[in-house]
Structure formats: structure tokens, C-alpha cells
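The values are calculated or read from the model by the stated rules, or taken from the named source; none is laboratory data. In this text, all values refer to a predicted model and were calculated from it rather than measured experimentally. Backbone-built Cβ (ideal geometry, glycine too); neighbour counts: all protein chains shown.
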Amino acid sequence: MWYHTITQNFRACYRYAQKWVDLFAEYPGQQEQQFMLYLKGLHNLLISLFNLQYYSKFSEVLHTLEALANDPDRRPSPNTDMLLFLYVYTNRINAYFMRGRFTEGLTIIPELLDNLSHFRQQLDPHRRLVFYYKIASLYFGSGNHDKAIDYLTKVIQYKDVSLREDIQCFARILNLIAHYEAGRDEDLEYQIKSVYRFLGKMNEQQQMQVAIFQFLRNLGDVAPSQLKEAFVQLKEQLIRIAANPFERRPFLYLDIISWLESKIENVPVQEIIQRKFLLLK
């Protein structure tokens, strides 16, 4: 499963994640004896289903995971409680992303923040940063760009930028887009320079990241009457990039194509994603 994760073969990753979980179904006594390994199997299966956007199966597996978390007969322990929090909330947020239900997803943020505080000693910085990025994405998708900026700032200001370089990069790009959307023009030049410096230091730049940055850097020079055509051109460029399987993964962190479609059609981005979700069902 990890091999296919590294090679970004999402279908094969799903196949082996399912085999992992199937073994526990075949030997149910092992579910209790190797409970943490079982939880990790369910989580990895959910991640592979998210990567494939296979929602019906995703929903079924998430229900299994939530039932384990709510089982009154489960023997609690600090490690398993932390893992259940991590896996359940990560995948609940991913479910909102898949359905385009960003505003609805905001309802779980207070309890998510309470749990982040409760498990502060057990959660490493990487996991906290991922949650902050996901919270920011919920706010961005719901149209609250100022709150998105607040949580993206928590990611960007983390001192060890080598930690999750991909998340750090996408946080900066999304932050730049959020400033543009919020009309905070006075900060745009600084944000552009910040993204430019970070991209220059990255060990590996991906085509999607570079294309978005170049577009945003030149956005100020585009006349209002030409803006829609500029969005269309970038969308077409990104669709070509996404056709390469090895360039597809970044689009899972930042659904920039749906954002561009929302600008082209002048409708909220979550409406675009909800429409796509209904077509996939």
C-alpha cells in the first residue's frame, strides 16, 4: 500500500488498503488484539477512497470508524483515543470537501479545536498544521476568506518550513488567493513576494504550483474586461497538467480548477463542487 502511495497509483493503493482491512474482517479476534493497526488500516483505506473520490464506499468505511469511536465497550487508552480523534475528524472534513459542503463543515470546528487542545501533548506539529490547513480550506470554501487567512497564517508562521513542505507551499498559495478574494490589495504585493521566496527554496516544485503562482503574480496587470478569459486560460493549462498522473496529487490539496470555474461562472466555489459531486453519484 505504501509503495503505491509513493508512486501515486491510487487504484492500487485502494486495492491493498482494502486487503489490509479485509484481513481483520476474516480474523475478527485480531481487531481487539491489534486495535491500532486496525484503525490505521481503516484510515488508509479512507485516504485512498478520498484520493479516488469514491464517496459511497468512503461513507460506508467512515461509518465503521465512527462506530468504533462511539463503542461503549471499547477499552479507552491515550494512544487509541488520540488516533480515533485524528482519523475521525480528518475524514469527516474530507467528506465535507468531497460533497462541497464547506459551510456545513464549519459546524465541527469548535469541537475539533477543543480536541486539538485536549490532545496537544500527543499530536506532533505536522498533524496540527494539517488540521489548520483543513480548517482554513473549510472557511475558504464557505466564502469566509478572512477566517481562512487567520488559519493559513498559523501554518505559514510555523518556523520549521521543511516540515510538510507541500502543505507550507499550498498554504501560501491559498493565502494569496484568499487575500485577492477578500480585496486586501494592500497585502498582495507582500504575499506575492512571500510565495516567490518560498517556491525558490523548495526542493521540488510541481507544475501546478508554478502555474498558479505565475498567474497570480500577473493578475494585477490584467484588465477587468480580460479577467474572465485569463481564468479560462489558466483552467485549460491546469487541466493539461492534471492529465499527468504524477502531477495530479496537488489538486487534492487545493481544488484550484473548481475555484477558477467559480470565478468564470460567478458562483460560489462550493456550488461548483456540489454540482460535480452530484454528477459523480
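For every residue, the table says whether it meets (1) farther than 26 Å from R99 by Cβ; (2) touching a Lys or Arg at 6+ places or on another chain (Cβ under 9 Å); (3) among the aliphatic types (A, V, I, L, M).
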residue: P245; (1), (2), (3): no, no, no
residue: L254; (1), (2), (3): no, no, yes
residue: S258; (1), (2), (3): no, yes, no
residue: E261; (1), (2), (3): no, yes, no
residue: K276; (1), (2), (3): no, no, no
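The single residue among I264, I241 that is within 21 Å of Q207 (Cα to Cα), touching a helix residue (DSSP H, G or I) at 6+ places or on another chain (Cβ under 7 Å) and part of a helix (DSSP H, G or I) turns out to be I241. When E247 is tested against (1) acidic (D, E); (2) touching a residue at least 40 places away in the same chain (Cβ under 8 Å); (3) under 25 Å from D187 (Cβ atoms), just one condition goes unmet, and that condition is (3).
Residues in region 115-124 that are within 20 Å of N94 (Cβ to Cβ) and outside any loop (DSSP other than H, G, I, E, B): N115, L116. Of all the residues in region 212-247, those that are among the small types (G, A, S), farther than 17 Å from I173 by Cα and either more than 20 Å from the chain's Cα centre (by Cα) or surrounded by 11 or more Cβ atoms within 10 Å (Cβ to Cβ) (or both) number 4. Out of the residues in region 138-154 that are of a type in the set (S, T, Y) and in contact with a helix residue (DSSP H, G or I) (Cβ under 7 Å, 6 or more places away or on another chain), which is farthest from T90 (Cα to Cα)? Applying the filter and picking the extreme gives S142. Scan region 195-203 and give yes if some residue there is buried (at least 19 other Cβ atoms within 10 Å of the Cβ) and either aromatic (F, W, Y) or more than 30 Å from S59 (Cβ to Cβ) (or both), otherwise no. Within region 195-203, one or more residues are buried (at least 19 other Cβ atoms within 10 Å of the Cβ) and either aromatic (F, W, Y) or more than 30 Å from S59 (Cβ to Cβ) (or both).
Considering A25, A17, which residue is at pLDDT 95 or above and surrounded by 18 or more Cβ atoms within 10 Å (Cβ to Cβ)? Show your work before the answer.
Details: A25 fails: surrounded by 18 or more Cβ atoms within 10 Å (Cβ to Cβ).
Only one candidate passes the filter, namely A17.
Sub-6 Å Cβ pairs linking a first residue in region 40-62 that is within 23 Å of L278 (Cβ to Cβ) to a second residue that is of a type in the set (S, T, N, Q), at least 6 apart or interchain, are L46/N91; F50/N94; L62/N91, ordered by first then second residue.
Looking at this structure, is F10 out of contact with any strand residue (DSSP E or B) (no Cβ under 6 Å at 6 or more places or on another chain), surrounded by 13 or more Cβ atoms within 10 Å (Cβ to Cβ) and at pLDDT 95 or above?
Numbers: out of contact with any strand residue (DSSP E or B) (no Cβ under 6 Å at 6 or more places or on another chain): yes; surrounded by 13 or more Cβ atoms within 10 Å (Cβ to Cβ): yes; at pLDDT 95 or above: no.
No, not satisfied.
Being surrounded by fewer than 18 Cβ atoms within 10 Å (Cβ to Cβ), at pLDDT below 85 and within 20 Å of the chain's Cα centre (by Cα): is that true of V161 here? It is true that V161 is surrounded by fewer than 18 Cβ atoms within 10 Å (Cβ to Cβ), at pLDDT below 85 and within 20 Å of the chain's Cα centre (by Cα).
Sub-6 Å Cβ pairs linking a first residue in region 2-18 that is free of Cβ contacts under 8 Å to residues at least 24 places away in the same chain and farther than 13 Å from G41 by Cβ to a second residue that is small (G, A, S) and surrounded by fewer than 17 Cβ atoms within 10 Å (Cβ to Cβ), at least 6 apart or interchain, are H4/A12, ordered by first then second residue.
Go through region 1-94 and tell me which helices (runs of 4 or more DSSP H), entirely inside it, have 2 or more residues that are aliphatic (A, V, I, L, M) and out of contact with any Asp or Glu (no Cβ under 6 Å at 6 or more places or on another chain). Write out each step before concluding.
Values: elements: 2-6, 10-26, 29-33, 35-52, 55-69.
Result: 10-26, 35-52, 55-69.
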